[in-house]
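Where a number appears in this text, it was derived from the coordinates with a stated rule and is not lab data. Not measured: the values here are computed from a predicted model. Counting neighbours? That spans all protein chains shown, and the Cβs are built from the backbone with ideal geometry, glycine included.
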Amino acid sequence: MAAADVTTTKTTEQTLPKVPLLTAHSVEQEVTGWRSWVLTTDHKKIGIMYIVAALVFFVLGGVEALLIRLQLGTPDNTLLDPQTYNAMFTMHGTTMVFLFVIPIMAGFGNYFAPLQIGARDMAFPKLNGLSFWFYMAGGVVFYSSLFFGAPEAAWTTYAPLSDDAYTPGFGTDAWIFLVHLTGISSLVGAVNFVVTIANMRAPGMGWGRMPIFVWTILIYSVMLIIALPVIAVGATLLLTDRHFGTNFYDVTGGGDPLLWQHLFWFFGHPEVYIMIIPGFGIISEVLPVFSRKPIFGYKAVAAATASIAFLGTLVWAHHMFTTPSPTAVLVFFMIGSFLIGVPTGVKIFNWIFTLYQGAIEFKTPLLFAVGFLSMFLIGGISGIVLATFPIDWQLHDSYFVVAHFHYVLVGGAMFSIASGIYYWYPKMTGRMMSETLGKWSFWFMFVGFNITFLIQHSLGLDGMPRRIYEYGDIGNWGTWNLISTIGSFVLGIGLLLSFINGYRSLKNGAIAGPDPWRGNTLEWFIPSPPPVNNFDVVPTVRSVEPLKDIRQEVASRSGAAEAAPEPAAH
Amino acid sequence: MPAQSSVGRLRQGLIPLAAAATATLLFAEPAAADWISPERGGSPNADAIHSLYMILLVVGLIVFFAVEGLLLYTLWKFKASRGHEAKQIHGNTKLEIGWTGGAAVLVVILAIVSFAKLGEIRNPPNSDPAGFRVAAIAEDPGTNQKLPPNKQGLHIKVTGYQYGWRYTYDDGNPATQDPYTYRDLYAPTQTTVLLSITSSDVIHSWWIPELGGKFDAVDGFNNWTWFKIPADKAGVSFRGQCAELCGRNHANMTASVKALTPSEFDAWLTAKRTELDQSAKDAAAQRAVVEAGKELK
Ligand code: HEM
Ligand SMILES: [Cu+2]
Ligand SMILES: [Cu+2]
């Protein structure tokens, strides 16, 4: 497959004889400027476009979050009217899930999965481009609703509220189109990942020597393929209910509003794991590198990830504990959700024991990875509490749930994304990000995040439902909400510092060289940023940490002289 | 393996830590109950949910302190600046089986505890003898209805609509129209009140935290729950609000339950019924006038 790149092979060396070694019917001129991005099929450029676009949407979603928090800062606030408020949390949730976390993971996967397995591109480079542009289309259609009437039925878009009888207008349709467009994007992308990973691994890289990050991208893809068709069907039925007179979700026409919830959560719960599993992968790369130790229990980590994915597709109705459902059903979904605690616990211990007895270097990627560990744990514990359905009867749809899933999605997914960006930025740009700014950013984010969301557990326990645009001066609600709002701005400052860091380092960062962190995987074998064809020579892989093997090989050949570590730039 | 000994030492350190955490929590409970646990006090099911939550909270905090403690210790002990070498360990099967088993056991314990508490939360008790006189309740097959052992209780139908609650009090007399109220639900103490919750439009969710969990109001479905307010809460008004996004005014869809003594409730119900009868009579009279007018034409 990779050999097809005949036309781009450069033959500039003067020593070559003046006889043509290759014949080509035409030589395409190298495209430059913006067209080199728009028309690209290079997995690295596509990866960067995914990451940049996702970060832009993240900023939009973040601004929406801050508006929500401003409105809730004091009781009976009138900053946002109810319609705008509902639009803000609907757009925030939808943006963060469909336009930020899922695509940025696709971005990391695009850039690094091929590099880590020693491939020269993805299996289907053109499909890969298509996948990105479907994602952009989804984002643009969704955000265009700002001009035509934004969606207000929450990211869960429950029927019958989302039916045309209660929510007419363009907004909910835009949401449906977003689901379809980003769905096609992810499906195409997922198939591409599976084929690439299955077929294009370097010589010697059996399944048992694949980097954990690649495992998680594989599992992420399989889960997308299982979950997405279901929401696509669900959303299509909603569309026909809204516009073509069907009654799939309308009880007065013989339909069933709970059908929507089943279809939505059959997708929606796996979606949560789709968002977090590549994060697991990033953490599993970063922890070994910065503790100078192999991952503890490679097989257990890979197997635990797979079993989380499997169980994750069987527990969707734990989001429906308060619906009119028989107790036996509730019990089944409670036990299923409890079971997920086991592989999750296994992973947390494996990660901690990866650090244990290591030589831990406190670089920014490691700080974010450790931040992830400490906060994801909290989300996991509150998850078990919520899975106990009688307790969920009290806490469901309250601020306790908002706190829980932000511990998983921000403390978990977003911190792993930050870790990944600090870790891989040198590879993608050839320059290091500032460690000083990175550490400031980390501490602002860590502290701000916990101020924002820890107190929300108490709000929920005290009876504050989510998705309310205002509240009266009840008990401690005013004070606690104010604390949360202040925290969200501290978190915002932390994020801003990282954005500044990323922007400034493009020009000012220290030159990274091929392997600034002394990494373990193949992306560190090649220059930063890598050439178009990635690898001139694909090394043979003999373990999970091929680059460590290569370093040792070099060291043993060149004698003790090499033992000194490379100076890690900052 | 050298790994073992220091792991062992670690384990010894964690046990007292966990014990200390538990102790702190148990002692702190009464004082801090308002911000670390769900509301309770209005009904035995809310109390049972509260105590189940406290058990999970204690277990959760032990796990939290143990794991975060281990993490912090590891970070402190094994930082590179101490100048030691990383041990190239790839895993430890015994340890890994150990924590997998440990997690599994914990999960089984939690499941058993939850089941033990389930009856108390799910199944309504009988009304007290001093409670409001209650009638037999008809079974509602195909739903999640649970009846008290004697199958008697006060049945109130709760209907959510954009944006309010309507309550219909089943007075056991099929011949007359049942009394109803909006927003404020009146309920007798010491009496098992069974709620069948539904909606006439989008989905809402009934939630009075001090009286137990929330239950969705879905058009076309009856969602059953119950509460039984203790005698000493007569005169108390329990607040709550809709917990499922139902449109722009979701935030203002509040509700309250006003607890009356059984005799107060009896008087209130009678007054309500008279009021209803009176308005029915007035309506009939008015209709007669209208009909008469039609005939005149
Ligand atoms: C960066 C800081 C963030 C802040 C301050 C924040 C804040 C909030 C707030 C205040 C709400 C509204 C809760 C409600 O009214 O029910 C919310 C909802 C939500 N957030 Fe975030 N959030 C942040 C990041 C994220 C991220 C990274 C995700 C990741 C995927 C996320 C996912 C969601 C979802 C799914 C909802 C539910 C929306 C809905 O109810 O329809 N948030 N967030
Ligand atoms: Cu779920
Ligand atoms: Cu509502």
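Model label sites at B:ASP128 and A:LEU496, defined 7 Å from Cα along the beta-carbon direction, differ in position by 5.9 nm.
Take chain A and mark each of the trypsin sites (Lys or Arg not before Pro) that is in a DSSP loop with at most 15 other Cβ atoms within 10 Å; the longest unmarked stretch, sites excluded, is A:19-541. Per residue of peptide B:82-88, the mean number of Cβ atoms on other chains within 10 Å of the residue Cβ is 5. For the range A:98-188, the fraction of C-alpha pairs more than 17 angstrom apart is 55%. The rule of thumb for compact globular proteins, 2.2 N^0.38 Å, goes into the C-alpha radius of gyration of the range B:186-240 1.21 times.
Rounded if a/c is under 1.5, else prolate if a/b beats b/c, else oblate: with a ≥ b ≥ c from the C-alpha gyration tensor eigenvalues square-rooted, which is the range B:154-285? Note, shape of the range B:154-285 comes out oblate. With both labels modelled 7 Å from their Cα along Cα-to-Cβ, the A:TYR503 to A:SER543 distance reads 4.3 nm.
Looking at chain A, identify the longest residue range that excludes and avoids all GluC sites (Glu not before Pro) in DSSP loops having at most 16 other Cβ atoms within 10 Å. In short, A:31-570. Take each residue of peptide A:256-264, count the partner chain Cβ atoms within 10 Å of its Cβ, and average: the result is 2. Relative contact order (percent) for chain B, with alpha-carbon contacts under 8 angstrom and 6 or more residues of separation? The value is 17 percent.
Taken along the Cα-to-beta-carbon direction at a fixed 7 Å, the label points for B:VAL108 and A:HIS25 span 6.9 nm.
Let me spell out the model: positive unit charges on the Cβ of Lys and Arg, negative unit charges on the Cβ of Asp and Glu, origin at the Cα centre of the range B:154-285. What dipole size does that give, in debye rounded to 20?
On the way: 12 positive and 15 negative charges, 52 e Å.
About 260 debye.
Taking the helices alone, chain A has a mean residue ellipticity at 222 nm of -21500 deg cm²/dmol, built from -39,500 (n - 2.57) per DSSP H run of at least 4 residues and averaged over all its residues. Of the three principal axes defined by the Cα atoms of the range A:5-557, the extents in descending order read 80, 55, 45 Å.
If you take every DSSP beta bridge fully contained in the range B:154-285, what fraction is antiparallel? Give it as a percent rounded to 5. The antiparallel proportion sits near 65 percent.
Seen through its C-alpha gyration tensor, with square-root eigenvalues sorted a ≥ b ≥ c, the range B:204-277 comes out prolate because a/c lies at 1.5 or above while a/b is bigger than b/c.
Just tell me how shielded A:290-303 is by partners: mean number of partner chain Cβ atoms within 10 Å of each residue's Cβ, no decimals.
Per residue, the average neighbour count from other chains is 4.
For A:LYS427, the aspartates and glutamates whose Cα falls under 13 Å of its own Cα, not counting residues fewer than eight places away in the same chain, are A:ASP515, A:GLU523.
Report the antiparallel proportion of the DSSP beta bridges in the protein assembly as shown as a percent, rounded to a multiple of 5. Taking every DSSP beta bridge within the protein assembly as shown, about 65 percent pair in antiparallel fashion. Of the chymotrypsin sites (Phe, Trp or Tyr not before Pro) found in the range A:154-257, those in coil by DSSP whose Cβ has at most 10 other Cβ atoms within 10 Å are A:PHE244. Considering only alpha-carbon pairs that sit under 8 angstrom and 6 or more positions apart, the relative contact order computed for chain A is 16 percent. Return the single residue from B:ASN173, B:ASN144, B:ASN223 with maximal mean-square fluctuation; model: Gaussian network over chain B, springs between Cα atoms under 10 Å. So, out of B:ASN173, B:ASN144, B:ASN223, the one fluctuating most is B:ASN173.
If I require 15 Å or longer along the helix axis, counting alpha carbons, and a Kyte-Doolittle average no lower than 0.0, what helices from chain B are left? Use full DSSP H segments. Span-like helices, by this rule, are B:3-36, B:44-77, B:93-122.
When we measure straight from the Cα of B:LYS117, which aspartates and glutamates land under 18 angstrom away, once same-chain ones fewer than 8 places off are left out? Reachable aspartates and glutamates: A:ASP392, B:GLU39, B:ASP47, B:GLU210. Determine, at each q value in 0.10, 0.11, 0.14 (inverse angstroms), the log₁₀ of I(q)/I(0) that the Debye formula gives when each Cα of chain B is one equal point scatterer. Debye curve over Cα of chain B, log10 I(q)/I(0) at q = 0.10, 0.11, 0.14 Å⁻¹: -0.72, -0.81, -1.07. Going Cα to Cα from B:LYS77, which aspartates and glutamates come in below 18 Å? Please leave out same-chain ones fewer than 8 positions away. Result set, ordered by chain and number: A:GLU361, B:GLU68, B:GLU85.
Only Cα sites of the range A:261-373 enter the Debye sum here, all with the same form factor; the resulting log10 I(q)/I(0) across q = 0.14, 0.20, 0.21 1/Å is -0.63, -0.98, -1.05, listed in q order. Overall shape: oblate for the range A:505-546, with the ratio a/c of the largest to smallest alpha carbon gyration tensor axis at 1.5 or above and b/c at least equal to a/b.
With both residues required to sit in chain B, DSSP beta bridges show an antiparallel share near 65%.
List the pairs from A:LYS126/A:LYS299; A:LYS45/A:LYS347; A:LYS363/B:LYS87; B:LYS146/B:LYS258 whose alpha-carbon separation is above 25 Å, in the order I gave them. Going by Cα-Cα distance, A:LYS126/A:LYS299; A:LYS45/A:LYS347 fall outside the 25 Å limit.
Using C-alpha pairs below 8 Å separated by at least 6 residues, the relative contact order for the range B:154-285 is 26 percent.
Return the FRET efficiency for the residue pair B:ALA138, A:VAL331: r is the Cβ-Cβ distance, R0 is 22 Å, and the value is rounded to the nearest 0.05.
0.25
Each other residue within a Cβ distance under 15 Å of A:ALA154 adds +1 if Lys or Arg and -1 if Asp or Glu, for a net charge of -4. Multiplying the residue separation of A:TRP37 and A:LEU79 by 0.36 nm and removing their Cα-Cα distance gives an extension gain of 11.0 nm. Comparing B:GLN286, B:GLN241, B:GLN190 in a Gaussian network model of chain B, where Cα atoms under 10 Å apart are tied by springs, the biggest mean-square fluctuation is seen for B:GLN286.
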